[in-house]
1. Looking at (1) crowded, with 21+ Cβ neighbours inside 10 Å; (2) of a type in the set (Val, Ile, Thr); (3) farther than 27 Å from residue 47 by Cα, which is the one condition that is false for residue 336?
2. Identify all residues within the range 291-308 that are touching a Pro at 6+ places or on another chain (Cβ under 9 Å) and either without any contact (Cβ under 8 Å) to a residue 12 or more places away in the chain or over 16 Å from residue 340 (Cβ atoms) (or both); write none if there are none.
3. Could you count how many residues in the range 204-231 are of a type in the set (A, V, I, L, M, F, W, C), surrounded by fewer than 21 Cβ atoms within 10 Å (Cβ to Cβ) and outside any loop (DSSP other than H, G, I, E, B)?
4. Out of all the residues in the range 194-203, which are part of a strand (DSSP E or B) and either without any contact (Cβ under 8 Å) to a residue 40 or more places away in the chain or surrounded by fewer than 24 Cβ atoms within 10 Å (Cβ to Cβ) (or both)?
5. Just the residues that are without any contact (Cβ under 8 Å) to a residue 60 or more places away in the chain, within 21 Å of the chain's Cα centre (by Cα) and on the phi > 0 side of the Ramachandran plot, please, taken from the range 135-192.
6. Does residue 179 qualify as being of a type outside the set (Gly, Ala, Ser), crowded, with 24+ Cβ neighbours inside 10 Å and not in a strand (DSSP E or B)?
7. Scan the range 327-345 and give yes if some residue there is within 24 Å of residue 223 (Cβ to Cβ) and β-branched (Val, Ile, Thr), otherwise no.
8. Which of the residues that make up the range 42-61 are of a type in the set (S, T, N, Q) and either surrounded by fewer than 17 Cβ atoms within 10 Å (Cβ to Cβ) or within 12 Å of residue 337 (Cα to Cα) (or both)?
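No value in this document is a laboratory result; all are computed from the given coordinates. Computed from a prediction, not measured in an experiment: that's the story for all the values here. Note that each Cβ is placed from the backbone with ideal geometry, even for glycine, and that neighbours are counted across all protein chains shown.
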Amino acid sequence: MAFPRLLTITALGVVLVLCLAAAAEAADKAEKYWVFVGTYTGKDSKGIYRLEFDPATGKLSGAELAAETPSPSFLAVHPSNRFLYAVGETGGGKSSGSVSAFALDPKTGALKFLNRQPSGGAGPCHLVVDKQGKNALVANYGAGSAAALPIGADGKLAEPSAVLKHSGSSVNKQRQEAPHAHSINLDPANKHAYVADLGLDKVMIYRFDSAKGSLDANEPPSAAIPPGSGPRHFAFHPTGKFAYVINELANTVTAMSCDPKTGGLTPTQTVTTLPKDFKGTSYTAEVVVHPSGKFVYGSNRGHNSIAVFRVDEKTGKLTPAGHQGDNIKTPRNFNIDPTGKYLIVANQDAASLVVFRIDPSSGKLEPTGVTARVAMPVCVKFVPKG
């Protein structure tokens, strides 16, 4: 009677071994990502760079030039992952900057230039693609304006279908003498656009129609941020109930509750991004919410760190959870990989990307020792490798 039982156990063992082998094989074939990096062009940088990232190991490949184009400081990826868009942060005075369209091959990571259109104002510095993939929305810092550019079925951009110019100023006479639209984001429903204007100390709110490519005045029209804050970048919580704006001049993050029906924002808290004992000069840059919704991160240029915050799931308020500064210098943009395991920092003045592992319990950033050289990196975007 023991013999059949031995066969059964052996059979189970074989099945277990086969399952473990299959799991190991699946892990080896885990999805990898292209990392596209926007830069300021000059002596050492020529445009958009491409690296390969493996979330199973946290490793980055060396950087290759994916597309030569002038100062593509910020990038946006089409929801199909077949197209990539880049601002051309050029144009002073009354002239316009540009937005460029590229076809993207997910298998090879190759970019092919499609066309370029005016951005609707000078100094474009941020853009997004709407969730239906029909429009690229851009914030023009120099002009203090926001614009929508329709996207064709072939990925090409049309001329702006809407351009909205801000007006006014705020208390900092050097930096807030005029409007300076610094970022544009869309709510989860794709119905409201939010423009953080550093010059006005406001997050402007617009009704957005993807089919028409229109931006119209909303009610309420804006959310006020404390004077002298300089709101720069903006991020929604995964639930859509909360949002966060990072304030460049005040080195703070303002947490807000969101009304999905009206698009209204209500500030609930403002917290510093710097340690209490820091006495130097610093300016914030980027704010990112972890995919789990448990943590918020903000970059400090000057203190040279990423600030970590825990999120109260009921109120959206933030609790400081420390800073990570290892191998960080002038951290501009940074991003979290789609698995939520790693955070990659773009060190503008150190000509490098640095990879940190995210502790899933505390949100703290652990150095991995992985770096890659990219001159004047400004923006990091992930695209699944096809």
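1. (3)
2. Scanning the range 291-308 gives 299, 300, 301, 303, 304, 305, 307.
3. 2
4. Within the range 194-203, 202, 203 qualify.
5. 144
6. yes
7. no
8. Selection gives 57, 61.
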